[in-house]
1. If D139 meets every condition in (1) over 14 Å from the mean Cα position of the chain (by Cα); (2) assigned to a helix (DSSP H, G or I); (3) surrounded by fewer than 16 Cβ atoms within 10 Å (Cβ to Cβ) apart from one, which number is that one?
2. Conditions: (1) in contact with a helix residue (DSSP H, G or I) (Cβ under 7 Å, 6 or more places away or on another chain); (2) more than 30 Å from I67 (Cα to Cα); (3) among the aromatic types (F, W, Y). F199 meets all but one. Number of the miss?
3. Quick check on the stretch 98-121. Is at least one of its residues of a type in the set (A, V, I, L, M, F, W, C), more than 15 Å from the chain's Cα centre (by Cα), in a helix (DSSP H, G or I) and not assigned by TED's automatic domain parsing to the domain that holds I174?
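The values are calculated or read from the model by the stated rules, or taken from the named source; none is laboratory data. This one's a predicted model, so the numbers in the text were calculated from it and none came from an experiment. Cβ placement follows ideal geometry from the backbone for every residue including glycine, while neighbour counts extend to all protein chains displayed.
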Amino acid sequence: MVENLDAIEGAEARKGKGNQQEHQEDRPSSVGSVLSESSSISLSAGSSTSSESGDKDLEELEETMFIISRLRSRLDEFFPINDQGPEPTMLFHDDLSRHNILVDGKGVLTGVVNWECVSFLPLWIACQLPSVLQGNPLDEEPIKSKYQHDENGEVVELYWEHLENYELTQLPHIFLEEMEKLQPWWVEIFESSQQQRDFDLRSRIVGTLS
């Protein structure tokens, strides 16, 4: 019998502004004009609440533009131009969660579903831990007796949540050990491209703010 794998399942805070006076020259000049124009609109409304809200929005806009400027200035450091031809790519399933992995009654893999949104991506982003291995890190194994129990003597749900997080913390190490045996080139790319994935994550976070 084939069933969904139920045992396991799978940011970074926004970077601060830093010293604004020191890096003022790095900010795009367009921010100043946007600030002035938006401030005039807020003042003409005649509402202190609207003005305060507008000032906050403008401050966030200024911060976002500053971060974008800093990221762009370091783009070539993380993604140097490759003159040796097209960048290698590989087929990447971006949702290898427990809902899409099928196993039999003995836990043997029988299939992977939901391939409709897969893409061919550069190796630096394709060689990452699957979502089924991602979770909230917990290095210490939870002790069942230390958790509350209900009137029937059953341990509370929080214990199982912590146990799952603990198991998810251990599984990536096992996964990488097996990949080292099966596909050592994959592990090499995974370890050498972490900074590129971090840069990509920061860019995505900034994109949600703009």
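1. (2)
2. (2)
3. Looking through the stretch 98-121, none of the residues is of a type in the set (A, V, I, L, M, F, W, C), more than 15 Å from the chain's Cα centre (by Cα), in a helix (DSSP H, G or I) and not assigned by TED's automatic domain parsing to the domain that holds I174.
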